[in-house]
Every structure is written in structure tokens, then in C-alpha cells.
Amino acid sequence: MNVLVNRMVDQGLIDESAARGISGLLAEGEPPSRAFTACGVAADALLRFLARELGLAFVELEQQEFSKEFLAQFPARILLDKHIVPVPGDDSKLLAVTSNPFDTSAIDELRLATGRDFEVALAPLVEIDRCIKRYLGVGADTVQSMISEAGEDGLRVIDMEADDDMDLTQAAEGASIIRFVNQILTEAIELRATDVHIEPYEETLRVRYRIDGVLQEASIAREIKQFQAAIVSRLKILAKLDIAEKRVPQDGRIKIVINGREIDVRVSVIPMLHGEAVVLRLLDRSSVLLGLDKLGMSERDMGIMRMICERPHGIILVTGPTGSGKTTTLYAALSQINDVQRNIITIEDPVEYQLNGVNQIQVSTKAGLTFASGLRSILRHDPNVVLIGEIRDNETAEIAIQASLTGHLVFSTLHTNDAPSALTRLVDMGIEPYLVASSLEAILAQRLVRVICPECKEPMTDSETMPLRRRFGEQLPAVLYKSVGCQRCQGTGYHGRIGIFEMMMVTNEIRSLILENTSAQELRKVAARQGMRSLRDDGFRQLHNGRTTVQEILRVTKDDIFDVDGLLGVDQPKQKSTPSGQLAVGS
């Protein structure tokens, strides 16, 4: 071992001080792998050195291609526990890729289990684990245990039409089923997923994670299909749902702790053609709440938001589809004005984050506590500021408007595609136009776009940008980037999300138009003339900042005229700008 240490010094991998430290650890009986790791050399460089010195192959696992069927020949438990990947070598040889060439017992165990011979090769531990997960799927060792239990302990596949509740409960509480469900949830949280989709098909059970707003399929062993009913039942038990009821949708909640992080899970179960599908919405309560300055707003929008948050009364609406970050924006606004001089009360479904100094109410439909009934009680509780999780019906909208007219500042959300549509939506819900005009102060529409991964982004070529420049002209920056994909971003080319916004102030001119029942299109034209930036135009702002890609902006924003023309094969002229610098059409 000392010869290897001296060679590391000669090649400049470590200095004399590190060499003495390694020799000391070896003298104390520390395993060589730990002693070498303690020297501070990067794992990749250290393993390449050891491969050269020991005459072993160094394998680039990211570039290896082999089938799941190949890895399925080897015990998943050994591969996962010992962190080994068998790889086809030259001349029909098998390589056992490990990150620890000094642990021969792991290779010996693999030889005994398979009866085959292996040559040792090296690769970083991170790449080995990633490779195993990619090819064997989540919980591969657990799946093998489940199959083993099914054979040895008589655990049988539950007929989805059967009514054998006791057996189903026992299956759902089996150690392997519990472990598999835990592994699914753990991986989802590690990958920053916001939703988990468990979807039954005729021959497979598909699991998908929604990461940064886009669904990605998880690698799952095909054999898991036979345990579908037990997995769904396990989730139902956790969510306190009726496992015997398989004909109607059910909703529930689970509270779990993973690695010290408290996670709320909303569970939705719906009967499908080949069994029950489950969607889990993950809410990490330990996430750090963002301030207004961290949301990604432009200086204009930020100034307006800060100004209206200081107003004594009125309604501020945040609009957008589910998962567009509306709640995060509202919480950031509340944090801006949260002080001892204001009494702030919220009513939400669910309470997503706990805010110190803010009184928060959880909607409970079963107990009769709805948005409308809770809001009436809130107004008797002497609030200065009220946050309503969502305006869903006429009754809630009317109470919210009355609250604003009686001296309260009201924040809420509404599901509309853009800011001007929120005004017409309230009128469509039965609110008198004069009440809408007199109570609303501002509407903020928003979307989330994925942030391009800084480690793998590449400039687009002229041939790639030419169609975009013909379409958008000077709206685009001089250099456009495309996403490539790397280890950091899980091959997606994106990591994290940032907001794009459409801030519409309700000015006196717009109030007059509301009283005349003006259409959303006309309201948009006036707001644009007054300086409102459309969602797409705000996306181009993030494009100029180098934060995202054109493809992301086009994915989350719409441009009715040009999109339709593209489908019809009509040549698309360059977009013109309005006097305020807005796109002539789009949102």
C-alpha cells in the first residue's frame, strides 16, 4: 500500500502531508478504500489512478449500453448492497464494476451467487448507483423480496374484483410492500418531484414523477404489476381511505417524515380500466419560503406588487393553472407585510406552509368549514389582511368583495389563463361589474418556466435559430442557448424553475371599461398601452437574462394567431411591438 501512496505523491495527486495521513490510517487498520478517500482526491481521478497502477479497466458507465434483461440475470440484492454492476467485456468476458478494488468479498459473493467468473473493473460509486437504478428500477431489491415472499409465504396476487379485505390488508402491510412504497416516495423527494403518478395498464404498472413541471417516467421492474393492488392498498391505509371501495374516487392525506423533512402528501385515487390509479401531490413543509425579490419579477412588476401590498383595502388576485406557483407568490406578499400592527388571517385548502405571526385556517368540508363559511367567521375576527386560498364560487367571490369594500386587504387566487380574463370571469360568476370595478386593485397572472442547466447548456447554431428569428425578430437576444442534459439535471437539460409574470393594474380607465362589460381582449389592449408586459414578453426577458430557452417559453405561453398559422402551414411574419414594447398578440 505504501508503494501506491508514494506513486500518488510522484504523480502529484496528493502532497507529503496527505501521504502521511493515509499511511497513518492504514497503520491503524483503516480499510484502504476509506484511507484513500480521506486524502481529498476526487473519486474519478483516484479510481483512474488505481486502475492504471493495478492493471484494471476503468469503465465509463454513462456511455455503456446494455439491456435490463442482462442485469436481471444477477441478484439485485447483491448489486445494490455491494454497489457492483456487471458489464459485458471483450471476448465474452464479464466485468464486475466496483468503486472499491480492495473489497474482494463483494466479487466473491457475486461469483458464488451466479456461478460465473468476473474480472474487476472500476467506476465512481455515484455512477454505479445511478446505473443500477436506471436499469433495474426503483426498489429492485424489494421487488425480488416481494416475489420471494409470494412464493414462500403464500402471498398471492389480489384479484381487483375480489372482496377479500383481510388478505388485501395483510398484503398491504407486508414488509416488502411497505419498503417499496417508501422507496418510491424517497426517490420522488430526492428528485424534487411535486407529484407521483401510479398508473395501471393491462400488463404494466407505470410510475411517473413530475419534476420541474414535466412528467418523467421512473424505471420500475415489470414484475411489480402483480403487486398493484397491494401497493394501492398500502397508500390507502396511509391516507385512511376505504381499501374495500374500488368503484368511486377517494381523496385523502398522508403526513410523512423523510430524512428529517416533513412532507404532506395529498392522495387521489380514481378507478381506471385496469385498476385504481393514484396521484400523490408532495408538499415539502421544510422548503424555504421565497421573498418577493426572489420570485424573478421585473423591476416594474416588483414595484407595483410592493405598492399594492401596502394599500389599506382592495383585492389582489393571482391567476394561473394548478402548479404555477400562485401560493408561493401570495405567501411572499404576506411575508412582505407581516408585522405586529396587522392582523393577518388565511383560509386555505390545504395550509401549505406555516407562517409565523399569521393565523391560518384549514378548510374542512366534512366539518362544514368551507371557504365561504370560514370567510364569514374571519371577518368577525377583526382582520386587516385576509388571504383566501381560492375563489371557487359566487358566494366566496361576493364575500371577498364585501370584505374589500369594508376596509380589508384581500389576497386570493383564480383559475384564468391571463390577467384580463380574471375581470370578466368574476362578472361571469355573477358579480356585478360595478363591484368588480370598485374592489379590484391588481391582477397578477403567472407561469413557471424551467431554468436551463448552467453546466450543460450550449449555444444554438445559426441554422437552429433562423426559424425563431424569422418568427420573433428583435425580441430574441443575440445568443440563444439549448438544453443538452447532464448528470446534475438528470439528463433533462433543466434544473429548477423561475416565474414569468403579467401584472395588470386596475386603473381608472380600466374601471370604466369594466362598467361597460368590455371584453378581455379590449382590456388587454388598454393594459398593454399602460405598460403591462404579457406572459410571453416577460418570458423573453428571462431569455435575455440567459435563464431559460425559447422552447420553454413557447411551452408555457400561448400565441393564438401564430400557433394556428403554423398548424395551417401559413408563413409567419415577424411580430411587431406595441409602443410599450409588448408583443402585438400573445399572452
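The values are calculated or read from the model by the stated rules, or taken from the named source; none is laboratory data. Keep in mind that this is a model prediction, so the values were computed, not measured. Positions of Cβ are backbone-derived with ideal geometry, glycine not excepted, and every protein chain shown enters the neighbour counts. When the accessible area is computed, the model is the full protein with side chains, heavy atoms only, and any ligands, DNA or RNA have been set aside. Shrake-Rupley method; radii C 1.70, N 1.55, O 1.52, S 1.80 Å.
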Counting only residues that are among the hydrophobic types (A, V, I, L, M, F, W, C) and either without any contact (Cβ under 8 Å) to a residue 60 or more places away in the chain or touching a strand residue (DSSP E or B) at 6+ places or on another chain (Cβ under 9 Å) (or both), which one in the stretch 232-248 is nearest to Arg206 (Cα to Cα)? Val232
Here the residues within the stretch 297-324 that are at positive phi and open to solvent by 20 Å² or more (accessible area, probe 1.4 Å) are Gly323
Hits in the stretch 350-389 - residues which are in contact with a His (Cβ under 8 Å, 6 or more places away or on another chain), open to solvent by less than 20 Å² (accessible area, probe 1.4 Å) and among the aliphatic types (A, V, I, L, M): Val385, Val386
List, please: which pairs have Cβ atoms under 6 Å, are six or more places apart or on different chains, and start with a residue in the stretch 249-260 that is without any contact (Cβ under 8 Å) to a residue 40 or more places away in the chain and end with one that is of a type in the set (D, E, K, R)? Gly252/Lys240; Lys255/Asp264
What number goes with the only condition from (1) modelled with pLDDT under 90; (2) on the phi > 0 side of the Ramachandran plot; (3) open to solvent by less than 30 Å² (accessible area, probe 1.4 Å) that Leu292 does not pass? (2)
Taking the condition of a type in the set (S, T, N, Q), exposed (fewer than 13 other Cβ atoms within 10 Å of the Cβ) and at pLDDT below 85, does Gln73 pass? yes
Ile316 being assigned to a strand (DSSP E or B), closer than 15 Å to Ala445 by Cα and touching a Ser or Thr at 6+ places or on another chain (Cβ under 9 Å): yes
Taking the stretch 450-487 only, how many residues are touching a residue at least 24 places away in the same chain (Cβ under 8 Å) and touching a Leu at 6+ places or on another chain (Cβ under 8 Å)? 5
Can you tell me which residue is modelled with the lowest pLDDT among those in the stretch 111-140 that are surrounded by fewer than 20 Cβ atoms within 10 Å (Cβ to Cβ) and among the acidic types (Asp, Glu)? Asp129
Within the stretch 192-210, restricting attention to residues that are over 19 Å from Asn182 (Cβ atoms) and touching a Lys or Arg at 6+ places or on another chain (Cβ under 7 Å), which residue is modelled with the highest pLDDT? Glu199
Of the residues that sit in the stretch 186-226 and are open to solvent by less than 10 Å² (accessible area, probe 1.4 Å) and in a helix (DSSP H, G or I), which one is farthest from Glu69 (Cα to Cα)? Ala188
Within the stretch 398-416, considering residues that are of a type in the set (Val, Ile, Thr) and under 15 Å from Ile347 (Cα atoms), the one farthest from the chain's Cα centre (by Cα): Ile399
The helices (runs of 4 or more DSSP H) lying wholly within the stretch 348-432 that contain at least 3 residues that are within 30 Å of Lys255 (Cα to Cα) are 371-379
What's the total number of residues in the stretch 265-282 that are open to solvent by 30 Å² or more (accessible area, probe 1.4 Å) and under 22 Å from Gln354 (Cβ atoms)? 2
Given (1) assigned to a helix (DSSP H, G or I); (2) more than 24 Å from the chain's Cα centre (by Cα), number of the condition Ser335 does not satisfy: (2)
Suppose the filter is within 27 Å of Val410 (Cβ to Cβ), buried (at least 19 other Cβ atoms within 10 Å of the Cβ) and basic (Lys, Arg); does Arg447 pass it? yes
